[in-house]
Amino acid sequence: MLFRSANALLAQPTLLLNVTLDSQKRVTGVYAGDLVQAHDAGIEACRRQALVEVDAAFDIVVTTNGGYPADLNLYQSVKGIMVAARALERGGHILLAAECEEGIGQDYGQILARYGSPLELLDALTAPGAEPIEDGWQAQLQAIAQAKGTVWLHSSLDEATTRATHLRPCPDLASTVLALQAEIEGREGRPARIGVLPFGQQAVPVVREALPA
């Protein structure tokens, strides 16, 4: 992941070296030199490579975090949730498929366990004068996505562990999608809009703005 760190700038670095990857984890670009300039060049390349316009938000988004090793734990896999939320209709459903063979991530699990719900967590993290929490940004992103819709997790985690992270367990993706689809279509009287992001954050959906009539 490309990033710019204020701490890195304070260290007065002499060289930044970053690469971009495609869905097959092949190098698509190399960006080296001044930290700010090379970083900005990488961002622009990622924008051209990854942003995908969609006509409308989806009722259901099935996503991943790109598979191994990016989905070793839930802490890393939240990126897949965050990207899916960009294209989610408010009140919709995100289904994340992530192995999480190394569990939740100890510190991340402890952050989630402090709060009774995603909204409680989000309120605590964004309250005026709130103290920063180390690695709290991932918990905040998860809570922001859950404020928009329901998030389900298909993983190797057991049901109790999944529920402890404020996510809904999804033992079978296909049957869950079909059940949610039927529920939405029965309620709305129209076909459910379903999006799939098989490569996680390698493709970032952006809802196309409607042109004025």
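The values are calculated or read from the model by the stated rules, or taken from the named source; none is laboratory data. Since the structure is predicted, the reported quantities are computational estimates derived from the model, not experimental observations. Every residue, glycine as well, gets a Cβ built from its backbone with ideal geometry; the counts of neighbours run over all protein chains shown. Calculation scope for accessible area: heavy atoms of the full protein, side chains included, ligands and nucleic acids excluded. Shrake-Rupley method; radii C 1.70, N 1.55, O 1.52, S 1.80 Å.
Note that the range 43-198 presents 50 Å² accessible area per residue, ligands and nucleic acids not counted, probe 1.4 Å. Calculated mean residue ellipticity, 222 nm, the chain: -12000 deg cm²/dmol, from DSSP H runs (n ≥ 4) at -39500 (n - 2.57) each, averaged per residue and rounded to 500. Our note on the geometry: Cα centres of the range 154-169 and the range 112-130, 20 Å apart.
Taking the accessible area of the range 1-110, probe 1.4 Å, and keeping the other protein chains in place, the carbon and sulfur fraction comes to 53%. Dipole of the chain computed with +1 at Lys/Arg Cβ and -1 at Asp/Glu Cβ about the Cα centre; of A98, P128, A32, farthest Cα towards the positive end is A32.
With the charge dipole of the chain set up from +1 on Lys and Arg Cβ and -1 on Asp and Glu Cβ about the Cα centre, the Cα lying farthest toward the positive end among the listed residues P69, I111, A145 is that of A145.
The ellipsoid that matches the Cα gyration tensor of the chain has semi-axes, each √(5λ) in whole angstrom, of 30, 23, 18, with the longest given first.
Mind checking Rg over Rh on the range 74-120, alpha carbons, Kirkwood formula for Rh?
Details: Rg = 12.1 Å, Rh = 12.1 Å.
Radius of gyration relative to Kirkwood radius: 1.00.
Stretching the chain fully between R208 and E159 yields a gain of 14.0 nm (0.36 nm per residue, less the alpha carbon separation). Taking all protein chains as shown and a probe of 1.4 angstrom, H154 keeps an accessible surface of around 60 Å².
Output the Kirkwood hydrodynamic radius of the range 142-213, Cα pairs only, in Å rounded to one decimal. Walk me through the numbers before you get to the answer.
On the way: mean 1/r = 0.0678 Å⁻¹.
Hydrodynamic radius (Kirkwood, Cα pairs) of the range 142-213 is 14.7 Å.
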